[in-house]
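Asks: Attaching a single structure in C-alpha cells format; questions to follow.
The values are calculated or read from the model by the stated rules, or taken from the named source; none is laboratory data. This structure is a prediction, so every number in the text was calculated from the model and none was measured. A quick note on method: Cβ atoms are made from the backbone with ideal geometry, for glycine too, and the neighbour counts reach across all protein chains shown. We work out accessible area using only protein heavy atoms, side chains counted, and drop any ligands, DNA or RNA first. Shrake-Rupley method; radii C 1.70, N 1.55, O 1.52, S 1.80 Å.
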Amino acid sequence: SLLPKRCLSDCGGPGTGPEVLKGCRFNFYQFNLNANVNHSHDATVYIIKHHYILHESFRSLRRAILLCKTCITLTSSQMTYTSVLIKASLNYRSTDYGTTYEKLNDKVGLKTILSYLYVCPTNKRKIMLLTDPEIESSLLISSDEGATYQKYRLNFYIQSLLFHPKQEDWILAYSQDQKVSTIALLHRVESVMGSNKEPDLVHLEARTIDGHSQYLTCRMQNCTDANKNKPFPGYIDPDSLIVQDDYVFVQLTSGGRPHYYVSYRRSTFAQMKLPKYALPKDMHVISTDENQVFAAVQEWNQNDTYNLYISDTRGVYFTLALENVQSSRGPEGNVMIDLYEVAGIKGMFLANKKIDNQVKTFITYNKGRDWRLLQAPDADLRGDPVHCLLPYCSLHLHLKVSENPYTSGIIASRDTAPSIIVASGNIGSELSDSDISMFVSSDAGNTWRQHSSTYFKSGNLKTALHINLNMNNMLSFDEGRSWSKYSFTSIPLFVDGVLGEPGEETLIMTVFGHFSHRSEWQLVKVDYKSIFDRRCAEEDYRPWQLHSQGEACIMGAKRIYKKRKSERKCMQGKYAGAMESEPCVCTEADFDCDYGYERHSNGQCLPAFWFNPSSLSKDCSLGQSYLNSTGYRKVVSNNCTDGVREQYTAKPQKCPGKAPRGLRIVTADGKLTAEQGHNVTLMVQLEEGDVQRTLIQVDFGDGIAVSYVNLSSMEDGIKHVYQNVGIFRVTVQVDNSLGSDSAVLYLHVTCPLEHVHLSLPFVTTKNKEVNATAVLWPSQVGTLTYVWWYGNNTEPLITLEGSISFKFTSEGMNTITVQVSAGNAILQDTKTIAVYEEFRSLRLAFSPNLDDYNPDIPEWRRDISRVIKKSLVEATGIPSQHILVAVLPGLPTAAELFVLPYQDATRENKRSPEDLEQISEVLIHKLNQNLVHFELKPGVQVLVHAAHLTAAPLVDLTPTHSGSAMLMLLSVVFVGLAVFVIYKFKRGWRDDSAVKNIGCSCRGPGFNSQHQQNGSQASVTPVPRNPTPSSDLHGHQEHTWCTDIHPGKTPIHIK
C-alpha cells in the first residue's frame, strides 16, 4: 500500500465497513516521553523552545534511536514571585523498533544538552552528536549505534558537519569563528563536497577581509591558504555558491542585474544564457538529474510567479518550459515553487500555473516539452457523475511538500510505486483552499479517484497540517479503491511525524505526536509484520505500461513497469519499480525548440526577434566546422531513434569567413571603475568574426598597448595595472582579411579616499563672500562629486569642484557640511562659522614649551582652543559668548582671538562697537600683564600673550601636519610683511606729518577690527588713502588702514 506518511497504515484488508477485520493481528505499543514538567495549579510554565531530533538511518533492522531535546524556561510561582531557568535534555534509545526505550542521559552526561545528530553514510553504526554550544562545545562519537560514547571537547563552535562520502573518519565542519582544526576545514562551506569523481575536493565560499566573497576549492588533506584554488575569476555574490552533481553555480551582480555562471564537470565557468530579455531577478536550481539543469527564474516583470527553464547538457543554453508558475514564501522567508517531481517516473512533473489570476494544475511527461490540465474524476464521493469539461473545469492539486522531514506533506509518490500519486485538491476552474478532498491516481496522473474529504484535519492549507489519529482514520491496501477504519489511540492524537526504517521494505513505523499542546510526547509503534508475512514473488506483480492519455511513447521510449497486484498482501521485493524499456521512432514531439528559437502556433520553432542564428558560428575559424542548429534540439535523456532524428539534429557546417562585427570591451566585473595599483581584467567580446585569424590591438590609454593574434588567447581576459588615477580611454581594434571593428571603454581609475577636511574662515562679516575648500587626502583620488550643505538651504549644492563661494545675509552661527563621493565611499566634514556685522580679532602667541606638545592635528587644536578660551574668561571675567579662540595649524603654535558682538535669543542687548572696544582693551591689558595662562599637564605652564601683526590666514587649512601648507603659510607671512614695510617706507616721509596729526600708529600688537562698510554703523572711519591689499589663502582681498587713536590706547587695525 502507498499512503502519505501522515496517514499511518495499519493492519487490515479490503473492506468498506466501519469496523476492523476480525482476523487482523496488530502489535501496538505506546510510550510516554515525560519532560518532568510540574503542572501544579500554583505555577505557570511557558515553553520557549521545543526542538526534537529523530533519526532512523541505521544498518541493523532491529535497532532505532530517538533523541529528544526540550528547553523549558520561566517557571514562576504565584506565591513567591520567583523565576527559575530550567534547561533539560531527555535522551532515549530503543533497540527493538520502539517497543522499549532506555534513557541515555547517564551515557552522554546528565547535564549534556544535545543539538544535532549525524550518521556516517559509509558506516551506519557510527554516529556523532553535537552538544548545545550555549552550554558546552563538545562532540560525542559512538561506533556501536549509540550504546556507548566518547566525548571530545572542542575549542570552537560547530554549526554543521558533513561526512566524507568514502572515508568514515573524515569530517568537514562549518564553524562561525572560521577556524581550522583536524576535523574542521573551516571558512564558509556552502554545499556538498565534490562529485563522485572527486570525493576529496572541498568547495568553499570564502569571505575576504574587505567583505567580498570568492569561490575556492582545495583538497581535504591539505586545505591551507597556499593550496586553495580559485576556479571562478573575481568575486561572487554572497551565499550564491551551489555545488550539485556535475554542476557548480555562482552568481555575480553587476550594473544592478544578477548574472549566473555554471561549470560543468569542473570545467571553465560559462555565463548561463537565458532568452535575451528574460532579465532575471532571481533563480533557483530545481534539478540537475540526467545531465540537465531544470531552473525556476523570476523575470523582471514577475512578482509571485516564476518561469521554468530547461538547459542543454552543459547547463549553458536555456529554453522556456513553462511560464508563470505559482510561488509562495515559507515560514522562514524561503521561496517555494509550486512544482512537484513525481517519484519513479523520469521527466514527469506537476506544476501550478497562474493564468489570469487563476491558479491551475498542469502535468508533463516529457520534462516540460508539453503540458496539459488534469482530467477530473468521473464520479464524486457519493458515486454521482462529475460534470467537468476541459479546459473550463479540471482537477487542481496542492503541491507544497512538508518542511518537516518526518511528514510527507500534502502530495506523495514513491519510486517503488511509480504509478500511484496521492494528493489533496479540488475540482473546478481554479485551485482553491476550500472544498478540499483527497485524490488518488493509479495510472500516473491520467485518471483520478476522489476520496474522503476528512482526510486532513483542516482545510486551511496555509497552516501546519496534522493528522487526527482516532476512530475515524481510514486505511487502504489496494491503491485507495477500498477503505477500512481503525483506532490507534483512545483519544485523538495530533501527529507531528512518522519515523520508519530507510527504504521501502520496512514493516515497522513509529508515530510521534501529542494529545494537546501542553501534553508530553506520545510514541505509537505500528508493526505490519502480521499482515505482510512474506516477500513478494514475481507472480505477485503485473505489467503496467506508462502512457499519457493513451500515448505510450514517452521520452522516446515505451516503458513497462512491474506493479504489485492490489489483492496480494506481500512485502515489496526486488521487482518493485522494475522497468523494461523499448525505444520509439523519433517524431517532432521528441524535440524541443533550441536556444534562441520559439514555438509558434503552427508548431514550428522559429528564431526569436532578438536572436541571430549566424551568431552560433562566431567562435569558429575559417577551415573548421561548427554545429548549425535546425532550430530544434532533442530533449535530454530522450531515447528515440531514427525517424525525424536526422532532420531535426544540428548539422556540422564549415565555418564561414566573416568580418569582425559586434565588438565590445568590458571589465570582468561589469564595472567602469578600477583601483590604482590593482589588476583590472578587461574582456574583449566579438559577436561575429573569425576568432582564430584575427589581430587584436588593445590600447589602455596610459601609454601602454598590447597585441594578440587571436581571441582564443584572451579567453581569461586581459589584466592591466594602472599606476595613476584619472579617466582612461581604452580602445580595442580587431582586424582580419575581411574587415575590421573597434570599440571604446572609458575607465575611471581611482584610489581610496581616506580623509576630507573642510577649510574656511572661523569668522566672517555679513554679506561678505566666503570661500570654502574641501582638502582631500590623498589629493588625487579620481572622479569626485561634492555635495555642499550650508546656511538654511534645504537642498544641497552639488559640484565637481572642491571649492565654492557664498555669502551669509544674517548674523549668527552657521554650519557648513561637505560630502565627497568617491566610488562607493562617501566621506564628509562639518565646520561652524560665525557671521557678524562687526567683530575684533587679535593674534595670540604662546610660551615656546607649548610647541613641544603640539602634534598638529585638528583634535588637539580644538581642545587647546577650548582651554585658552576658558583661561581668558577666568582672567578677564568677560562672558564666554563674546570670545572665540581658534588655534592655527603649523609651528610655532599660534591662535586667533575673536571678540564677538553676542546678543541673546531675543536679538536684544547686542553689544555696540564701543562695547567691543572696551572688551578688547580688557583682553589686551590682561594679556600684556601675563595674567592669561593654563596648565597643559602637571608641571607644564603655558603663557598666552598678544602676538605681532601677521598676514597669515585665520583659517584651519589641513587636518594633519603638511610641509606644503607650512611653506605656503610662511610665504604669505613674509610677503605680507614685505608689502607692509615697503608701503610704510614709501609713504612715511611724505605723510609723516599727517599721520602725526591724526595720531595713527600701525606698530605693535593690537586688535584687528572687521566690520561691514555701511557708513554710520562703522565704529571707526577709515582714512581715505589708497590701501595696499594683501591676499589670504582663500583669495580674499583684505585692506589695512590706520585709524584715529586715543592717547594711551593700543592701536587698532581694521580689515
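Asks: Please compute the length gained on full extension between Asp378 and Glu598, using 0.36 nm multiplied by the number of residues separating them and subtracting their Cα-Cα distance.
Replies: Net length gain for the segment: 75.6 nm.
Asks: Of the heavy-atom accessible surface of the range 119-168 (probe 1.4 angstrom), what whole percent is carbon and sulfur?
Replies: C and S atoms contribute 45 percent here.
Asks: Considering only protein heavy atoms and a 1.4 Å probe, what is the carbon-and-sulfur percentage of the accessible area of the range 587-716?
Replies: 49
Asks: Let's test the formula: R0 of 25 Å, r as the Cβ-Cβ distance of Lys230 and Asn724. What FRET efficiency results, to the nearest 0.05?
Replies: My answer for the efficiency is 0.35.
Asks: Over the range 735-797, what is the relative contact order in percent, taking alpha-carbon pairs closer than 8 angstrom and at least six residues apart?
Replies: Dividing the mean separation by the residue count of the range 735-797 yields 30 percent.
Asks: For Asn324, enumerate residues with amide H under 5 Å from its amide H, sequence gap 5+ or separate chain, H modeled in the peptide plane.
Replies: Those qualifying (amide H under 5 Å, at least 5 residues apart or on another chain) are Tyr306, Asn307, Leu308.
Asks: Ok, one more. Amide H of Val359 versus every other amide H placed in the peptide plane: which residues, excluding those fewer than 5 positions away on the same chain, fall under 5 Å?
Replies: Distant-sequence amide H within range of Val359: Leu431.
Asks: While we're looking at this one, here's another question. What shape does the range 824-865 have by the C-alpha gyration tensor, where a ≥ b ≥ c are the square roots of the eigenvalues, rounded means a/c under 1.5, and otherwise prolate means a/b greater than b/c and oblate the rest?
Replies: oblate
Asks: Hey, what's the range 634-720 come to in accessible area per residue, 1.4 Å probe, Å²?
Replies: 54
Asks: Counting other C-beta atoms within 10 Å, and keeping those with at most 12, which DSSP coil GluC sites (Glu not before Pro) do you find in the range 540-615?
Replies: Here the GluC sites (Glu not before Pro) that fit, given the DSSP loop and packing criteria, are Glu567.
Asks: Continuing with the same structure: How many nm is it between the label spots at Thr832 and Phe806, if each spot is 7 Å from the Cα in line with the beta carbon?
Replies: Result for the modelled spin labels: 1.7 nm.
Asks: Over 18 Å between Cα atoms: which of Lys276/Lys634; Lys766/Lys926; Lys354/Lys634; Lys766/Lys807 fall into that group?
Replies: As for pairs spanning more than 18 Å Cα to Cα, those are Lys276/Lys634; Lys766/Lys926; Lys354/Lys634.
Asks: May I ask you to derive the relative contact order of the range 210-289, considering only C-alpha pairs under 8 Å and at least 6 residues apart, and to give it as an integer percent?
Replies: Across the range 210-289, relative contact order equals 20 percent.
Asks: Can you give the accessible area per residue of the range 813-947, in Å², using a 1.4 Å probe?
Replies: On a per-residue basis, 46 Å².
Asks: Shifting gears a bit: Shape verdict for the range 787-919, please, from the Cα gyration tensor: rounded (a/c under 1.5), prolate (a/b greater than b/c) or oblate.
Replies: Oblate.
Asks: At 1.4 Å probe radius, can you tell me the per residue accessible area of the range 312-356 in Å²?
Replies: 42
Asks: Please list, in chain and number order, the residues 5+ apart from Gly701 or on another chain whose amide H is under 5 Å from its amide H, with Hs placed from the backbone.
Replies: Those lying under 5 Å, H to H, from Gly701 are Thr731.
Asks: Can you give me the relative contact order of the range 844-942 as a percent, contacts being Cα pairs under 8 Å and 6 or more apart?
Replies: Normalised by residue count, the contact order of the range 844-942 is 28 percent.
Asks: Shifting gears a bit: Loop-only trypsin sites (Lys or Arg not before Pro) in the range 342-390, please: DSSP not H, G, I, E or B, and at most 11 other Cβ atoms within 10 Å.
Replies: In loop regions of the range 342-390 (DSSP not H, G, I, E or B), the sparsely surrounded trypsin sites (Lys or Arg not before Pro) are Arg382.
Asks: Now, a different point. When the Karplus curve 6.51 cos²θ - 1.76 cosθ + 1.60 is applied with θ = phi - 60°, which whole-Hz ³J(HN,Hα) does each residue of the range 826-841 get, with x for Gly and Pro?
Replies: Result, ordered by residue: 10, 10, 8, 9, 10, 10, 10, 10, 8, 10, 9, 6, 8, 7, 10, 9 Hz.
Asks: List the pairs from Lys346/Lys529; Lys230/Lys367; Lys103/Lys525 whose alpha-carbon separation is above 28 Å, in the order I gave them.
Replies: Beyond 28 Å: Lys346/Lys529; Lys230/Lys367.
Asks: Are there GluC sites (Glu not before Pro) in the range 110-174 that DSSP marks as loop and that have at most 11 other Cβ atoms within 10 Å, and which are they?
Replies: Here the sparse-neighbourhood loop sites are Glu134.
Asks: Let me ask something additional. Under the classification rounded if a/c is under 1.5, otherwise prolate if a/b is larger than b/c and oblate if not, where does the range 648-742 fall, given a ≥ b ≥ c as square roots of the Cα gyration tensor eigenvalues?
Replies: prolate
Asks: Give a residue-ordered list of calculated ³J(HN,Hα) values for the range 335-351 (Karplus: 6.51 cos²θ - 1.76 cosθ + 1.60, θ = phi - 60°; whole Hz; x for Gly, Pro).
Replies: Values, residue by residue: 7, 10, 8, 6, 9, 10, 8, 6, 6, x, 10, 5, x, 9, 9, 10, 9 Hz.
Asks: Right, something else. Percent of accessible area on the range 217-360 owned by carbon and sulfur, 1.4 Å probe?
Replies: Exposed carbon and sulfur together represent 44 percent of the surface.
Asks: Which aspartates and glutamates, if any, have their Cα less than 16 Å from the Cα of Lys485, not counting same-chain residues under 8 positions apart?
Replies: Partners within reach: Asp10, Glu19.
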